[in-house]
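Notes follow once the structure below has been shown.
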Amino acid sequence: MTETVTALPGAPGRTRGRGPRGGFDRASMLAVFVGVPLALYLVFVIWPMLQATVYSFTDWSGFSGSFGFVGLNNYIELFRDESFLIAIRNNLIILAALPVLSLAIGLLLAVMVTVAGPSRGGVRGVRGSAFYRVVAFFPAVIPSIIIGIIFAQVYDPNNGILNGALTGIGLEQFRSFAWLGEASTAMAATIAAMVWATSGFYMVLFIAAIRGIDTELFEAARLDGAGRMRITLSIVLPGIAANVKTSYVYAGIAALDSFVFLQAFNPSGGPKRSTLGITQEIYSTAFQEGRFGLACAMGIVLTLLTFAFVGLIHRPRKKAAR
Amino acid sequence: MYTPRFTTSRRVLTAAAGATVLALSLGACAATPGGPAERPSQGSDTTGDAKNPFGVAAGSTVDAVIFDNANNVAFFDTVTPTMQELHEVDLKVTPSTQIAQQVQPRFVAGTPPDLLHSAGSGSIPVASMLGDIEDLTSVTNAMNLNGEPIADTLYPGVLDLAKYDGKLAAVNYSLNVHAMWYSKSMFDKYGWEAPKTWDEAMELGAAAKKEGKYLFTWGKEGSAYYLSLAIDSAVKEGGRDVLASLANLEADSWSQPEVQQSFAALKEIVDAGYFIPGGAGTQFKAAQAQWSLKQEALMYPTGSWIEGEMGDEIADGFEMVGAPAPTITTESALPYEAMRFAGGNRFVVPSDAANAAGAKETLRVMLSPDAAAEFSRINKSLTIVKDTVPADGFGSTSLVSARDLLDTAGENAFAWDFTDAYPFGDDKTRIWNDFLSGSIDVDTLTSEMQKLSDKIREDDSIVKIKVGK
């Protein structure tokens, strides 16, 4: 001890530290910040995925300890199953519509409350923007299932507020019209509710991103005579492009799930299966039909679909980087 | 996790070498009677002691998982003291609303509950568990607490719905009578009568229209109640062969003339606009309230649980009673009074249960008249135990009506539940929504239903129950 003190006269406290520099050494650092999360990831993400993959090649009923391997039979059955193919089609429709609509409305709202204010004075949002921000974000704090239940009431053919309003202004063709019960409108009505529920969240994300853009850019553009539209397209959009892309991926993954809304509106898949989703098929196959092996195969297909979507979105960026 | 599982598989394969019933699925073998005795202590042998036929150990605990609703919890509160009194057995009840999700991991881990009440929307199909649950024949062969053989006290035929190759896989504790329910006071007021044929139903529909009402209503989750009505009507018209063909999933079974006539009759009612429009987009309970509370629809075809289900949402002075399904002609094979009934509230005892004897003893207590009467009082529902509902039906007109309908039907009562026992599931609901909203015709309805039957029939992984004629 005395030697150490003599050797380091200027820093007597250091000897008390655990490591050579008074903090974690490299090994413990790795163990805590990489090892633990990695272990959790392996146990709670990778392992279940592997398990599901294995189950997808079996006839496991879910309730017994045993199962037999059936090779690719589950997958073959899936691609011969009309319902499952329709479910894939429906999820692709949601994937095409939901992210675009949600993000567009979210962006519109974000621009409105940040830079679309009066064209005199500093660049700011419209009057009362704080209020609009709260109102628009409100749906994001309501649980999806509650929104599902509320909208199911809104769409009710005979007592719903939507048909009440439409017939109120003289549109008699909407009396007793079943928005969720007609093949032509069920999916659109479902997506509309999902857009309502999600766009506020993206608005908040985009507001934060827009705040990160250098305000001098806005001032300069204003001086050069740019209008709100020009500012939005030429400064806001390029400025938050990365956020939009990330949000798009996130919204896309949510669109491929969609379970809560689909189940809340039409648990049996909707008129002519027009709102049947993959996740609903998984749920009913596993828990109602007791065919976990087949359900796992569906899950694997959905996962691959999700990977394909994310890969597709990220590809152009890699090219640009090169 | 994998190792024990593969061990089981190997054991199963050994059993397969000797047993012939293994066409089912690998999982189905573990408890096959006659296979290698894995658990001699839990065989279906009874002790011969009428007071303790299954040899439940005093001081033991029965772990029961039941479907959670207020009525079930209240009912089990009356069973628990009896178990304590009889055998000092502690009946521990865990209510759950998601039976399948909650219990499934316990089955896999080999530590399932002793007694499982598989009911509600999260119930587990009996066929999925078939290899992992006990044969309950010993329970119905035992004496009840009053010293009568339980089998003699039950409505005949109802347990057949849970019999797989002679194995009683479940006890369907409650008994549901499927009828067209209506308000007796309203019918009296307008001088209406329940229709005995579809022609009379059309006339009643026209009469209802005059009063600004509709004959029927439906909700998007409950469209298949009309499938049940159509099947009942066809079975009454053509006899039990019609039912056997449908329940055995035969090719072209939905094209049988009686089924077609029944579908056509409903199509006529749909086309005449005698259904409240918009049902395919209406939540089922809201739709049912259109009938029970607002009284905009005259009749609703469903099970006898409906009064309990609607609770406060029934108009004052409604006087709910049921009527049999209409026949197609007045010369039907079964009389107009013939009724469909089915069991609800399935109870199973897992083979791996630590206290299977205790679970069977619990069922024996439940199947005794006192407990059955309590269940009827609390739930306003029949149980499979006969003669336990007093004349006043505990103040429930629908309970009295259900009992009387069944008594009147007598030998002509028929039981089926193949559309629930097989995975017709959400598909039938969707198809019937489309049919009742008028967007598909009888031919499409028939081919879609046939497609479902064919798919289930050709799927060897689905265990079949053969229905005799």
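A Cβ distance below 8 Å, combined with a sequence gap of six or more or placement on separate chains, defines the contacts here; from the range B:387-400, residues that are under 17 Å from B:ASP312 (Cα atoms) reach residues that are of a type in the set (Gly, Ala, Ser) in the pairs B:PHE394/B:SER376; B:SER398/B:SER304; B:SER398/B:GLY322; B:LEU399/B:SER304; B:LEU399/B:SER376; B:LEU399/B:SER381; B:LEU399/B:GLY393. The lone criterion from (1) buried (at least 17 other Cβ atoms within 10 Å of the Cβ); (2) within 26 Å of B:SER461 (Cβ to Cβ) left unmet by A:VAL111 is number (2).
Considering every residue within the range B:170-187, establish whether at least one is within 14 Å of chain A (Cβ to nearest Cβ) and buried (at least 23 other Cβ atoms within 10 Å of the Cβ).
The answer is yes; a qualifying residue exists.
Exactly one residue out of A:LEU262, A:LEU294, A:LEU304 is surrounded by fewer than 18 Cβ atoms within 10 Å (Cβ to Cβ), part of a helix (DSSP H, G or I) and either free of Cβ contacts under 8 Å to residues at least 24 places away in the same chain or within 14 Å of another protein chain (Cβ to nearest Cβ) (or both): that is A:LEU304.
The condition of being within 14 Å of another protein chain (Cβ to nearest Cβ) and loosely packed, with under 15 Cβ neighbours inside 10 Å holds for only one of A:SER268, A:SER176, A:SER184, A:SER234, that being A:SER184. Hey, could you check the range B:273-296 for residues that are closer than 17 Å to B:SER439 by Cβ and of a type in the set (A, V, I, L, M) and say which is farthest from the chain's Cα centre (by Cα)? Among residues in the range B:273-296 that are closer than 17 Å to B:SER439 by Cβ and of a type in the set (A, V, I, L, M), the one farthest from the chain's Cα centre (by Cα) is B:ILE276. Can you name the number of the only condition in (1) part of a helix (DSSP H, G or I); (2) free of Cβ contacts under 8 Å to residues at least 24 places away in the same chain that A:GLY200 fails? A:GLY200 satisfies all of (1) part of a helix (DSSP H, G or I); (2) free of Cβ contacts under 8 Å to residues at least 24 places away in the same chain except (2).
Entry remark, the range B:111-159: residues being more than 14 Å from every other protein chain (Cβ to nearest Cβ), in contact (Cβ under 8 Å) with a residue 60 or more places away in the chain and assigned to a helix (DSSP H, G or I) number 8 in total. Filtering A:THR275, A:THR279, A:THR232 for residues that are of a type outside the set (A, V, I, L, M), in contact (Cβ under 8 Å) with a residue 12 or more places away in the chain and not in a helix (DSSP H, G or I) leaves a single hit, A:THR275. Taking the conditions (1) modelled with pLDDT of 95 or more; (2) in contact with an Asp or Glu (Cβ under 9 Å, 6 or more places away or on another chain) in turn, B:ASN172 satisfies each one other than (1). List every residue pair whose Cβ atoms lie under 8 Å apart, where the two residues are 6 or more positions apart in sequence or sit on different chains, the first residue falls within the range A:123-148 and is closer than 20 Å to A:THR232 by Cα and touching a residue at least 60 places away in the same chain (Cβ under 8 Å), and the second residue, located anywhere, is of a type in the set (Lys, Arg) and part of a helix (DSSP H, G or I). The qualifying pairs are A:VAL123/A:ARG222.
Can you name every one of the helices (runs of 4 or more DSSP H) wholly within the range B:396-469 that holds 2 or more residues which are within 14 Å of chain A (Cβ to nearest Cβ)?
B:418-421, B:425-436, B:442-458
Residues that are among the polar types (S, T, N, Q) and touching a residue at least 40 places away in the same chain (Cβ under 8 Å) within the range A:72-90 comprise A:ASN74, A:SER83, A:ASN90, listed in sequence order.
So is A:ARG133 more than 24 Å from A:PHE309 (Cβ to Cβ), crowded, with 17+ Cβ neighbours inside 10 Å and away from chain B (no Cβ under 14 Å) or not? Yes: the conditions hold for A:ARG133.
Could you list all residues from the range A:72-83 that are within 12 Å of another protein chain (Cβ to nearest Cβ) and within 30 Å of the chain's Cα centre (by Cα)? Answer for the range A:72-83, where residues must be within 12 Å of another protein chain (Cβ to nearest Cβ) and within 30 Å of the chain's Cα centre (by Cα): A:ASN74, A:GLU77, A:ARG80, A:ASP81, A:GLU82, A:SER83. Does any residue of the range A:202-212 turn out to be under 29 Å from A:SER268 (Cβ atoms) and buried (at least 18 other Cβ atoms within 10 Å of the Cβ)? No, that holds for no residue.
Quick one: is A:GLU182 in a loop (DSSP other than H, G, I, E, B), out of contact with any Leu (no Cβ under 8 Å at 6 or more places or on another chain) and among the acidic types (Asp, Glu)? For A:GLU182, the condition - in a loop (DSSP other than H, G, I, E, B), out of contact with any Leu (no Cβ under 8 Å at 6 or more places or on another chain) and among the acidic types (Asp, Glu) - is met. Every condition in (1) more than 17 Å from the chain's Cα centre (by Cα); (2) outside any helix (DSSP H, G or I); (3) modelled with pLDDT under 95 is met by B:PRO335 except one, and the failing one is (3). Please work out which one of (1) surrounded by fewer than 22 Cβ atoms within 10 Å (Cβ to Cβ); (2) within 17 Å of the chain's Cα centre (by Cα); (3) on the phi > 0 side of the Ramachandran plot is the condition A:TYR250 fails and give its number. All conditions pass for A:TYR250, except number (3). Listed conditions (1) facing chain B (nearest Cβ under 9 Å); (2) farther than 28 Å from A:GLY200 by Cα; (3) not hydrophobic (A, V, I, L, M, F, W, C) are all met by A:TYR283, apart from (1).
I'd like to know if the range A:158-172 contains one or more residues that are charged (D, E, K, R), touching a residue at least 40 places away in the same chain (Cβ under 8 Å) and either in a loop (DSSP other than H, G, I, E, B) or within 14 Å of another protein chain (Cβ to nearest Cβ) (or both). No, because not a single residue in the range A:158-172 is charged (D, E, K, R), touching a residue at least 40 places away in the same chain (Cβ under 8 Å) and either in a loop (DSSP other than H, G, I, E, B) or within 14 Å of another protein chain (Cβ to nearest Cβ) (or both). Does B:ALA230 satisfy the condition of being within 20 Å of the chain's Cα centre (by Cα) and without any contact (Cβ under 8 Å) to a residue 60 or more places away in the chain? Yes. Selection of helices (runs of 4 or more DSSP H) fully inside the range A:24-71 by the criterion of at least 3 residues being away from chain B (no Cβ under 14 Å) and free of Cβ contacts under 8 Å to residues at least 12 places away in the same chain returns A:26-30, A:36-41. Taken over the range A:112-157, the residue count meeting the criterion of being in a helix (DSSP H, G or I), closer than 23 Å to A:MET187 by Cα and more than 23 Å from the chain's Cα centre (by Cα) is 2.
Among the residues of the range B:83-98, the ones that are over 25 Å from the mean Cα position of the chain (by Cα) and not in a strand (DSSP E or B) come to 7 in all.
Condition check for B:GLU309 on (1) more than 26 Å from B:ASP417 (Cβ to Cβ); (2) away from every other protein chain (no Cβ under 14 Å): one failure, at (1).
The values are calculated or read from the model by the stated rules, or taken from the named source; none is laboratory data. Note that the structure is a prediction, hence the values are computed from the model and not measured. With ideal geometry, Cβ positions are generated from the backbone for all residues, glycine too; neighbour counts draw on all protein chains shown.
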